[in-house]
Amino acid sequence: MCLACARYGGSRWAGTLGGTAMRERSGLGVVGGLLVLLGALLTGCQSPSGGVDGRLSEAGTGRTAVVSPVPTRPSGYGAVFLAVGECSSFGTTSFTEVPCAGERAAARVVARHDGTVRDGPRCPSTTDFVLHISEQRPAFDEDGDGAVPRGFACMRNLQPPHPGDPGGGGGPRTIVGDCVYSSGDRQVRETACDGTGAQRPQFEVTRAVAERSDCPGGTALYVRLGGKRPVGCARPM
């Protein structure tokens with residue numbers, strides 16, 4: 001288009017007019033007309049509304065404003081620190097969040113709660129161990145402020161052994177099927193029912209009931225379980 005404008009205002013047009021002054025005035029008029037046409041052509045090349053490649057024209061200014069994309073939170077691994085279904089590395093005092101398919105993954109989060117274990121909800125019955133999460137500054141966190149609130153994660157090992165299973169000898173909860181031994185001062189502790197633990201099992205929890213009176217005959221020990229049926233009925237082994 002611009003090449004056509006240059007030819008239109010060339011010497012052939014000026015040659016048809018007589019006199020030097022006329023040619024000068026004509027030349028000035030042509031130059032003015034060219035400027036008007038050039039401005040119109042440039043205006044026509046601009047998009048009247050939204051442009052391309054994420055740019056929007058500012059009305060009445062001829063400037064363009066670059067629209068910044070809305071930042072998105074990462075998804076999957078790392079989006080929430082140790083969320084349910086995510087995995088941790090080996091260790092109970094020093095640990096990190098790792099991809100569950102990675103070779104460093106040791107256990108999966110089966111429940112996640114804020115606060116302390118004492119004041120928070122109970123972990124699922126077959127939880128193998130509990131990770132206590134103190135305030136720290138991992139790469140990703142719940143709300144993007146760089147801090148993770150105090151809480152705890154109920155963990156389940158990706159591979160056996162599973163001490164939280166009935167008779168497994170560990171876990172944060174005592175459940176039906178677990179075995180205990182007397183640790184003195186009217187206290188009992190869990191140990192593996194198959195005798196592979198450090199302590200020999202003395203009693204097995206056979207039933208969970210609401211009241212001691214609901215335990216069957218032959219019950220030799222009452223174990224505190226918590227929950228809706230807080231009494232564990234244990235028999236000697």
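Taking G91, is it open to solvent by less than 50 Å² (accessible area, probe 1.4 Å), at pLDDT below 95, under 18 Å from G171 (Cβ atoms) and more than 17 Å from the chain's Cα centre (by Cα)?
It is true that G91 is open to solvent by less than 50 Å² (accessible area, probe 1.4 Å), at pLDDT below 95, under 18 Å from G171 (Cβ atoms) and more than 17 Å from the chain's Cα centre (by Cα).
Return the residues of segment 182-219 that are touching a Leu at 6+ places or on another chain (Cβ under 9 Å) and either among the basic types (K, R) or more than 12 Å from P166 (Cβ to Cβ) (or both); say none if nothing qualifies.
Step one: filter segment 182-219 for residues touching a Leu at 6+ places or on another chain (Cβ under 9 Å), giving 182, 188, 202-203, 205, 208.
Within segment 182-219, S182, V188, Q202, F203 meet the criteria.
So that you can scan it fast, the table gives a plain yes or no per residue for (1) modelled with pLDDT under 90; (2) within 20 Å of I175 (Cβ to Cβ); (3) surrounded by fewer than 13 Cβ atoms within 10 Å (Cβ to Cβ):
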site	(1), (2), (3)
A105	no, no, no
G115	yes, no, yes
R122	no, yes, no
D128	no, yes, no
D145	yes, no, yes
V148	yes, no, no
I'd like the full set of residues that are among the polar types (S, T, N, Q) and either touching a Ser or Thr at 6+ places or on another chain (Cβ under 7 Å) or open to solvent by 40 Å² or more (accessible area, probe 1.4 Å) (or both), limited to segment 179-209.
S182, S183, Q187, T196, Q199, Q202, T206
Restricting the first residue to segment 212-237 and requiring it to be in a strand (DSSP E or B) and open to solvent by less than 50 Å² (accessible area, probe 1.4 Å), which pairs with a second residue that is modelled with pLDDT of 95 or more and charged (D, E, K, R) meet a Cβ separation below 7 Å and a spacing of at least six or different chains?
V231/E211; V231/R212; C233/R207; A234/E204
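Taking R173, is it in contact with a Gly (Cβ under 8 Å, 6 or more places away or on another chain), under 24 Å from P121 (Cα atoms) and not acidic (D, E)?
Values: in contact with a Gly (Cβ under 8 Å, 6 or more places away or on another chain): yes; under 24 Å from P121 (Cα atoms): yes; not acidic (D, E): yes.
Taking the combined requirement at face value, the residue satisfies it.
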Of residues in segment 178-210 being on the phi > 0 side of the Ramachandran plot and part of a loop (DSSP other than H, G, I, E, B), the one modelled with the highest pLDDT:
G195
Filtering segment 97-117 for residues that are within 11 Å of L131 (Cβ to Cβ) and not in a strand (DSSP E or B) leaves a count of 2
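The values are calculated or read from the model by the stated rules, or taken from the named source; none is laboratory data. Note that the structure is a prediction, hence the values are computed from the model and not measured. Note: ideal-geometry Cβ built from the backbone for every residue, glycine included; neighbour counts use all protein chains shown. These area figures cover heavy atoms from the full protein model, side chains too; ligands, DNA and RNA do not enter into them. Shrake-Rupley method; radii C 1.70, N 1.55, O 1.52, S 1.80 Å.
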